[in-house]
Amino acid sequence: MKPIVAIVGRPNVGKSTLFNRITRTREALVDDAPGVTRDRHYRDTSWDEVEFTIVDTGGFVETDEDAFALKIREQVHQAIEDADAVIFVLDGKGGISPYDREMAHILRTVEKPVFYTVNKIDSVEQEENLFEFYSLGVEKLYPISAEHKYGVPDFLDALVATFPAQASPEAADMIKVAVAGRPNAGKSSLINRLLGEDRLVVSDVPGTTRDAIDSVCRFDGKPYLLIDTAGIRRKGKVSKKIEKFSIIKALRSLDRCDVALIVIDADEGITDQDISVAGYAHDRGCGCVFLLNKWDLIEKDHTTVKRYYERLRMEAKFLQFAPAVTISALTGQRISRIFKLVDEVYAQFATRISTGPLNKLLERAVERNEPPLHKGKRLKFYFATQVTAKPPTFVLFVNYPEAVHFSYRRYLTNKIRAGAGLDSTPIRLMFRQRTGAIDFGSRKKKDTRRSKKGRKKR
């Protein structure tokens, strides 16, 4: 297992900037306003070919106007407990605060490597600012500039030197599952229920989750990577810069997932926002599972489930293939069914169909419903092949690709879906023009016979 390193410190000292520097990404949100990072934020990275997992945390404070301050403190303590090493970030320009002294006192009791870094030290001349921090009773300080990289390589050399020798990583291709939905639909509560712990900050306040958080959980011994995302709001209601960044990150989370769990607040009913979120997932080619959450709050009769499903299918016609289930993250109702549905969707999502059976499907579909005419000429489909999976993507060679009407595209999609058993995953069809340099199927055999007859006559 990769070593886990937690970054801690009070708000606005540069923890997220250091996280981005170490991971060589812009995964963590960075803003001048303190308290931007609320949840723990995980990312795998490496230094000198040594792999480890870095964890960004919310700012550590005793009391704060932010209603999330107490929960953030709990997350910081949990991150320290989970970590194999801790990076304590101090502000080289702002000096020592009471929060720094309290955190230093906590870290003295930690029986794991702790690295005291003084950030915002941009040059050798500024290292004189270190003297004040020795009053914390620290023997070794690391002057760094997360923004400009000063001192970071030397610090990382010291960090990875404390890691134990790593065993060969287990070859495990985890299914990546993004939990998406509009704000306050119960996404973080669902992940906490799946993980069996308060791994994420959960609140009734919409927009609590700002970063996309990765967590690993196991179901029946099988690992899954769960990606919690910021609630996606209507574009017109997104005014704060930090929330705009959050939505971008949520959409990027859908880009890197295999299966998206679309969480809907069943108590409030299916809204246009829910359908928009589902549309984002569909546009990115994700496998999808609809979760009608808070089902314990619904007054039910024998037709309630059917009505909800019919409404969902009517509103999200583009996701007719996506399975749906009613759940309650609060009570755990039908939670165990989620991973079974994820496995079923992923199995189809990653399916590859060999060329022979695929072309037989295409041939039967064309014979059953002949393609329309284009400028007086019949559309001819010559050959089909699958070019990629996740989702299954097929290229069909045709004489006039631009003339394939969307209704005939839909017809071919449905025939391939039914014939190949792909009833729970998105599939993509692309149409290409067959060039004279390519011969396919029975046409190739006919051309070969004609060329032989021509040679005999001569």
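Some points to look at:
- Residue within the range 225-244 that is at pLDDT 55 or above, at positive phi and either surrounded by fewer than 21 Cβ atoms within 10 Å (Cβ to Cβ) or part of a loop (DSSP other than H, G, I, E, B) (or both) present: no
- Test: residue in the range 341-361 that is under 21 Å from the mean Cα position of the chain (by Cα) and in a strand (DSSP E or B): no
- Check on Asn20, at pLDDT 60 or above and either buried (at least 23 other Cβ atoms within 10 Å of the Cβ) or closer than 18 Å to Tyr142 by Cβ (or both): yes
- Boolean, Ile270 is open to solvent by less than 50 Å² (accessible area, probe 1.4 Å), touching a residue at least 24 places away in the same chain (Cβ under 8 Å) and in contact with a Ser or Thr (Cβ under 7 Å, 6 or more places away or on another chain): no
- Of the numbered criteria (1) aliphatic (A, V, I, L, M); (2) modelled with pLDDT under 95; (3) outside any loop (DSSP other than H, G, I, E, B), the one Leu330 fails is (3).
- If you go through the range 153-174 and keep only what is modelled with pLDDT under 65 and either among the acidic types (Asp, Glu) or touching a helix residue (DSSP H, G or I) at 6+ places or on another chain (Cβ under 6 Å) (or both), you end up with just Glu170.
- Members of the range 364-391 that are part of a loop (DSSP other than H, G, I, E, B) and either in contact with a Leu (Cβ under 6 Å, 6 or more places away or on another chain) or of a type in the set (A, V, I, L, M) (or both): Pro371, Leu379, Ala389
- Pair list, Cβ under 7 Å, 6 or more apart: the range 95-108 residue among the aromatic types (Phe, Trp, Tyr), other residue surrounded by fewer than 17 Cβ atoms within 10 Å (Cβ to Cβ): Tyr99/Glu62
- Here Ile275 fits the description: among the aliphatic types (A, V, I, L, M), open to solvent by 20 Å² or more (accessible area, probe 1.4 Å) and part of a helix (DSSP H, G or I).
- Yes/no for Asp255 being over 23 Å from Leu194 (Cβ atoms), of a type outside the set (S, T, N, Q) and within 15 Å of the chain's Cα centre (by Cα): no
- Filter pass, Ser328 being closer than 21 Å to Ser188 by Cβ and open to solvent by less than 20 Å² (accessible area, probe 1.4 Å): yes
- In the range 377-389, the residues that are free of Cβ contacts under 8 Å to residues at least 60 places away in the same chain reach residues that are among the small types (Gly, Ala, Ser) and in a loop (DSSP other than H, G, I, E, B) with C-beta atoms within less than 7 angstrom, at least six apart or across chains, in these pairs: Ala389/Ala350.
Yes/no matrix, rows are residues, columns are (1) modelled with pLDDT under 90; (2) open to solvent by less than 10 Å² (accessible area, probe 1.4 Å):
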{"site": "Lys71", "(1), (2)": "yes, no"}
{"site": "Ile80", "(1), (2)": "yes, no"}
{"site": "Phe88", "(1), (2)": "no, yes"}
{"site": "Ser97", "(1), (2)": "no, no"}
{"site": "Ile121", "(1), (2)": "no, yes"}
{"site": "Val124", "(1), (2)": "no, no"}
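- Any hit, the range 334-347, residues being polar (S, T, N, Q) and open to solvent by less than 60 Å² (accessible area, probe 1.4 Å): no
- Within the range 405-428, considering residues that are of a type in the set (Lys, Arg) and within 14 Å of Arg352 (Cα to Cα), the one surrounded by the most Cβ atoms within 10 Å (Cβ to Cβ): Arg417
- Failed condition for Phe115, given (1) of a type in the set (Phe, Trp, Tyr); (2) at pLDDT 95 or above; (3) within 14 Å of Arg10 (Cα to Cα): (3)
- Of residues in the range 126-158 being under 25 Å from Arg108 (Cα atoms) and in a loop (DSSP other than H, G, I, E, B), the one most open to solvent (accessible area, probe 1.4 Å): Glu139
- Whichever residue in the range 35-53 is under 17 Å from Lys15 (Cα atoms) and of a type in the set (S, T, N, Q) and, among such residues, is modelled with the highest pLDDT: Thr45
- Considering (1) closer than 28 Å to Arg428 by Cβ; (2) open to solvent by 60 Å² or more (accessible area, probe 1.4 Å); (3) modelled with pLDDT under 95, the lone condition that Asp301 does not fulfil carries the number (1).
- For the range 370-400, a residue qualifies if it is farther than 30 Å from Arg256 by Cα and surrounded by 12 or more Cβ atoms within 10 Å (Cβ to Cβ), and the qualifying residues are Pro371, Pro372, His374, Leu379, Lys380, Phe381, Tyr382, Phe383, Val398, Asn399, Tyr400.
The values are calculated or read from the model by the stated rules, or taken from the named source; none is laboratory data. On a predicted model such as this, the values are computed, not experimentally measured, just so you know. So basically every Cβ, Gly included, is an ideal-geometry build from the backbone, and we count neighbours across all protein chains shown. Note: areas computed on protein heavy atoms with side chains; ligands, DNA, RNA excluded. Shrake-Rupley method; radii C 1.70, N 1.55, O 1.52, S 1.80 Å.
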